[in-house]
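Single-structure report; data block below.
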Amino acid sequence: MTDILLLQPRHIYAPDYQEASIGHIYMPTSLLTVCARLLAAGVHVKIEDENISRSELSCPCVGVNLVGSPYVASARMILHRLRVKYNNFTVLLGGQVVSGFREEEFASLFGRASINGNRDSNIKSLLKLKSPLPEPEQTSLIPAYQYIEDHVMSMYLENEFCFFLSGGCKYGCLFCAAHHTRRDILTGNTIQVREAYRSQRCIEDDLSYLMARAAALRVRQLKVYLSNLDLFQTPVQLKAFAETVVAVRNRYSSVGLSMRGLSTVQSFLLAHDNCPEVISLMVTAGLERVGFGVDGATEEVFRRTKKAQQTPTTCVRAIQTARETYGLTPETLMVFGHVGVDTEDSLRAACSFTEWAMERFGSLPRPHVAKSVIPGNEGWREESSRQLRQRLLEKPSLFQVLDFTATPSPLTHSDDRFRDAVTQSFLKICDLPGNVTQYVLPEWPCDDHQELERVRAFNKGRYDL
C-alpha cells in the first residue's frame with residue numbers, strides 16, 4: 001500500500017490534456033531526490049508526472065513539487081482536486097519557494113491540510129518514521145530512477161535533464177531566492193551559506209546508472225544541466241566530479257554527454273587564475289556552455305544588487321576567457337529591470353552589453369526581468385512589500401507574474417514609464433540572434449476574461465530552459 005504519492009505538477013504553460021497529453025518533458029530530479037530518501041527510510045512511494053499523464057490522485061497523502069512562485073496556483077488546484085475526492089487528505093509541499101513563505105502566509109495559501117515538506121521533521125512526523133531521513137547529499141537516486149518505466153525514462157533522457165550535483169551559494173545577490181548567503185531581516189545578521197556537494201560515491205553511481213540506462217534504451221546523447229547555483233565556487237569538489245565523469249564516460253563510450261551550468265563571473269575568474277586545470281578538465285568531461293550571471297552593465301547596479309563583480313570589464317574578461325581560452329559557449333544571463341535600482345540609462349547599457357557580447361564572442365543572450373519581491377528573496381521580507389504580498393496572497397493566480405521570463409506587470413513594476421522601458425529592453429534582447437529565453441506575458445488582466453485568454457494562448461508551450 002502506498003504511504004505517499006509524489007506528484008510533479010503539469011508545467012504551467014503546457015496545453016490542456018484535451019489538446020495534448022504530453023506537457024513539458026523534464027526529469028523531476030528534485031522530486032526523485034525526495035523519492036529516494038523516502039524509499040531509504042522504508043516508505044512505500046508512488047511517483048507521477050502530470051506532464052506525461054493526469055494523476056488519479058490514488059492516495060490521500062500527496063507530496064507536490066513547486067517549481068518556483070508561478071506554481072502556487074498549480075498546487076492550489078491539486079488541493080482542490082483532493083478536496084473533491086477525499087474527506088481527509090494531507091499534502092506535503094516542497095520546493096525552494098515554500099521556504100520563502102512565513103508560516104501565516106503558507107497557511108493562508110494552502111490551508112490546514114498542507115504541510116511544509118522542506119522540513120524533515122514534518123515528513124518524519126507525518127509518516128511516523130522511526131529514524132531520520134538520509135541527507136540528500138548522501139542519497140543515491142538509483143532507487144527512484146528504477147521506478148521510472150522505460151518509455152518515460154526514454155523521454156526524460158532524450159531531453160535535457162538536471163543532474164543533482166550540489167546546492168547552495170556563498171554569494172548574496174539581492175534578487176535571488178535560491179539557497180544563498182543573505183541578511184536576516186529581523187537581526188540584520190548575515191546568514192552565511194556554503195556550497196554543499198553530494199558524495200562522490202552517489203555522483204558516480206547515479207551517473208553510471210544513467211549512462212547504462214541510456215545505452216540500454218538506445219539513447220545516444222545525454223544533455224545535462226548541472227544543479228550548481230555557481231559552478232566554479234568550489235574547485236576542489238568540481239575537479240573530483242570532472243574526474244568521475246571522464247572515468248564513467250570511458251566505460252560507456254556509446255553514449256555521448258554534454259553539460260551546461262551557471263556561474264558567477266567572480267568564481268569563474270578565480271578558478272581561471274588559480275586552478276585553470278579544473279576548467280580544462282570540465283571541458284574534457286563534456287562541459288560546453290556556461291551561463292554567466294552578468295545581471296547589469298554598470299557599477300552602480302552591481303553594487304546595489306550585491307553582485308560579486310564590480311565592473312562590466314570583469315564580465316567581459318569572463319566571457320572572453322570562456323570562449324577563447326577554453327572553447328566554451330558563454331551565455332549572457334542578464335537579470336535586469338530592478339525596481340529602484342535600474343534607470344533608462346542602465347537598461348540601455350544592459351542591452352548594449354548583451355548585443356556586443358553576442359557579436360564579439362558569440363555569447364548567447366539569456367535575458368530575465370528582475371522581480372524585486374519574490375518569496376525567499378530580501379525584497380519579500382521587507383516591510384515596504386507588505387501591500388504587494390497581500391495582493392498576491394488574496395489572489396494567488398497572480399504569482400505567475402513573478403516569473404522571471406515574464407514581461408513586467410503593474411504589480412511588479414508600478415511606474416508606467418519604467419515598466420515600458422523595461423519591457424522594451426527585455427524584448428529587444430529577446431530579439432537578438434541566439435537568444436535562448438522563451439519570454440511569456442504576465443497573466444495580469446485577471447478581470448478581463450478575453451484578454452486573459454489571449455495571454456494564456458500566447459504563453460502556451462513556451463518552456464524556458
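The values are calculated or read from the model by the stated rules, or taken from the named source; none is laboratory data. None of the values given here were measured: they were computed from a predicted structure. Quick reminder, even Gly has a Cβ in these numbers, built from the backbone with ideal geometry, and neighbours come from all protein chains shown.
Candidates in region 104-135 are the residues that are of a type in the set (Ser, Thr, Tyr) and either touching a Gly at 6+ places or on another chain (Cβ under 8 Å) or surrounded by fewer than 16 Cβ atoms within 10 Å (Cβ to Cβ) (or both); of these, the one that is nearest to Leu393 (Cα to Cα) is Ser108. For region 279-293, the set of residues classified as surrounded by fewer than 22 Cβ atoms within 10 Å (Cβ to Cβ) and hydrophobic (A, V, I, L, M, F, W, C) consists of Leu281, Val283, Ala285, listed by residue number. Among helices (runs of 4 or more DSSP H) entirely within region 371-459, having at least 2 residues that are closer than 27 Å to Phe101 by Cα and of a type in the set (A, V, I, L, M) singles out 386-394. Checking Thr284, Thr244 one by one, the residue that is at pLDDT 95 or above and in contact with an Asp or Glu (Cβ under 6 Å, 6 or more places away or on another chain) is Thr244 and no other.
If I filter region 334-350 for residues that are at pLDDT 95 or above, among the β-branched types (Val, Ile, Thr) and closer than 30 Å to Leu281 by Cβ, do I get at least one hit? Scanning region 334-350, I find at least one residue that is at pLDDT 95 or above, among the β-branched types (Val, Ile, Thr) and closer than 30 Å to Leu281 by Cβ, so the answer is yes.
Here is the figure for region 281-320: residues that are outside any loop (DSSP other than H, G, I, E, B), touching a residue at least 60 places away in the same chain (Cβ under 8 Å) and over 23 Å from Gln237 (Cβ atoms) total 1. Among Ile47, Ile142, which is touching a Leu at 6+ places or on another chain (Cβ under 7 Å), modelled with pLDDT of 95 or more and farther than 30 Å from Gly379 by Cα? On inspection, the qualifying residue turns out to be Ile47. Looking across region 283-296, the residues that are touching a strand residue (DSSP E or B) at 6+ places or on another chain (Cβ under 8 Å) and either at positive phi or among the aliphatic types (A, V, I, L, M) (or both) come down to Ala285, Gly286, Leu287, Val290, Val294, Asp295, Gly296. With respect to Asp295, is the statement that it is at pLDDT below 95, within 25 Å of the chain's Cα centre (by Cα) and closer than 20 Å to Ala406 by Cβ true? It is true that Asp295 is at pLDDT below 95, within 25 Å of the chain's Cα centre (by Cα) and closer than 20 Å to Ala406 by Cβ.
When the residues of region 37-88 are filtered to those that are assigned to a helix (DSSP H, G or I) and polar (S, T, N, Q), the one that is nearest to the chain's Cα centre (by Cα) is Ser69.
All told, Thr2 falls short of being surrounded by fewer than 22 Cβ atoms within 10 Å (Cβ to Cβ), modelled with pLDDT of 95 or more and out of contact with any Asp or Glu (no Cβ under 6 Å at 6 or more places or on another chain). Listed by first and then second residue, the pairs with beta-carbon distance under 8 Å, at least 6 apart or on different chains, first residue in region 420-433 and within 18 Å of Thr332 (Cβ to Cβ), second crowded, with 17+ Cβ neighbours inside 10 Å and aromatic (Phe, Trp, Tyr), are Val422/Phe336; Ser425/Phe336; Phe426/Phe336; Phe426/Tyr439; Leu427/Tyr439; Cys430/Tyr439. Of all the criteria given as (1) part of a strand (DSSP E or B); (2) surrounded by 22 or more Cβ atoms within 10 Å (Cβ to Cβ), the one not satisfied by His368 is (2).
Return yes when Arg10 is among the charged types (D, E, K, R) and either in a strand (DSSP E or B) or surrounded by fewer than 22 Cβ atoms within 10 Å (Cβ to Cβ) (or both) and no when it is not.
No; evaluated as a whole, the condition is false for this residue.
In region 248-264, what residues are under 13 Å from Ala215 (Cβ atoms) and in a helix (DSSP H, G or I)? Selection gives Val248, Arg249, Arg251.
The residues in region 223-247 that are in a loop (DSSP other than H, G, I, E, B) and closer than 19 Å to Leu207 by Cα can be counted, and the count is 3.
Restricting attention to region 120-161, the residues that are of a type in the set (Asp, Glu), in a loop (DSSP other than H, G, I, E, B) and either touching a Phe, Trp or Tyr at 6+ places or on another chain (Cβ under 7 Å) or farther than 17 Å from Gln8 by Cβ (or both) add up to 2. Every test in (1) surrounded by 21 or more Cβ atoms within 10 Å (Cβ to Cβ); (2) touching a Lys or Arg at 6+ places or on another chain (Cβ under 8 Å) is passed by Pro410 save one, and that test is (1).
With the condition kept exactly as written, say whether any residue in region 287-303 is in contact with a Pro (Cβ under 9 Å, 6 or more places away or on another chain), among the small types (Gly, Ala, Ser) and closer than 19 Å to Lys428 by Cβ. The answer is yes, given that some residue of region 287-303 is in contact with a Pro (Cβ under 9 Å, 6 or more places away or on another chain), among the small types (Gly, Ala, Ser) and closer than 19 Å to Lys428 by Cβ.
For region 339-354, a tally of residues being touching a helix residue (DSSP H, G or I) at 6+ places or on another chain (Cβ under 7 Å) and outside any helix (DSSP H, G or I) returns 2.
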